[in-house]
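These notes concern the structure reproduced below.
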Amino acid sequence: MKIENNKVVQIKYVLTDAEGNQLDASGDEPLAYLHGNHNLIPGLEAELTGKETGDKFTTTIPAEEAYGEKQDHLIQTGVPKEMFQGVEEFEIGMRFEAQSEQGFHSVMITEISEETVTVDGNHEMAGMDLTFSIEVVDVREATEEEISHGHAHGVGGHHHD
Ligand code: ZN
């Protein structure tokens, strides 16, 4: 069965950056997703369209088709340390949940000075070209429920309580 919209696809993947460092991998348990529902980054979903069970391929997705370029307006300098209640020690790479007009999002500390810190709200993989080695493990029809939820259920998919 070919991969097209509203198929549930199971893939195994290894994700590396431009230097070949591994960033993420499915391991032995495949990831299941509902194709055509923005469950994956756009460039990867486009590469998977038309593939079949058993297909293996490696593809490099440019940043603009992955998590986008880094956006300067998401980087905030001079944030007073006292804004972070209960935090005594700051370290570069620490992540916090921040609230903005767009809702909650994750920010990372990227610079620390005496009284203030710089926080970066870009996705941690923004601005990066991403290389995926993919194996298509299974392709099946989605159920009505999966289509209405916009994600895959069952093995490797979304679990509800
Ligand atoms: Zn669901």
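The values are calculated or read from the model by the stated rules, or taken from the named source; none is laboratory data. Just so we're clear, the structure is a prediction, and the values are computed from it rather than from any experiment. Every residue, glycine among them, receives a Cβ derived from its backbone with ideal geometry; neighbour counts consider all protein chains shown. Quick note on the areas: whole protein, heavy atoms, side chains included, nothing else; ligands and nucleic acids left out. Shrake-Rupley method; radii C 1.70, N 1.55, O 1.52, S 1.80 Å.
Tabulated data
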read-out: Listed residues P62, P42, P80, most fluctuating in the chain (Gaussian network, C-alpha, under 10 Å); value: P80
read-out: Neighbour-limited loop hits for GluC sites (Glu not before Pro), the stretch 56-159 (at most 11 other Cβ within 10 Å; DSSP other than H, G, I, E, B); value: E88, E89, E91, E101, E114, E115
read-out: Three semi-axes of the equivalent ellipsoid, the stretch 121-161, Cα gyration tensor, whole Å, largest first; value: 27, 17, 10
read-out: Order of exposure, largest accessible area first, which applies to I11, I92, I147 with probe 1.4 Å; value: I92, I147, I11
read-out: Sequence of M108, M125 from largest to smallest accessible area, 1.4 Å probe; value: M108, M125
read-out: Cross-link reach list, lysines versus K51, counting only Cα pairs under 16 Å and skipping chain neighbours closer than eight places; value: K2, K7, K12
read-out: Loop-located GluC sites (Glu not before Pro) in the stretch 9-48 whose Cβ has at most 16 other Cβ within 10 Å (DSSP); value: E19
read-out: Aspartates and glutamates whose Cα lies under 15 Å from that of K70, excluding same-chain neighbours fewer than 8 positions away; value: D120, E124, D129
read-out: D72-I92 FRET efficiency (beta carbon distance; Förster radius 25 Å; 0.05 resolution); value: 0.85
read-out: Local electrostatic count, G50, Cβ distance below 15 Å [Lys/Arg +1, Asp/Glu -1]; value: -1
read-out: The chain - mean residue ellipticity at 222 nm from DSSP helices (-39,500 (n - 2.57) per run, n ≥ 4, rounded to 500); value: -2000 deg cm²/dmol
read-out: Where Rh is the Kirkwood radius over Cα pairs, Rg/Rh for the chain; value: 1.06
read-out: Probe 1.4 Å, protein heavy atoms only - accessible area per residue of the chain in square angstrom; value: 62
read-out: Whole-percent carbon and sulfur share, accessible surface of the chain, 1.4 Å; value: 45
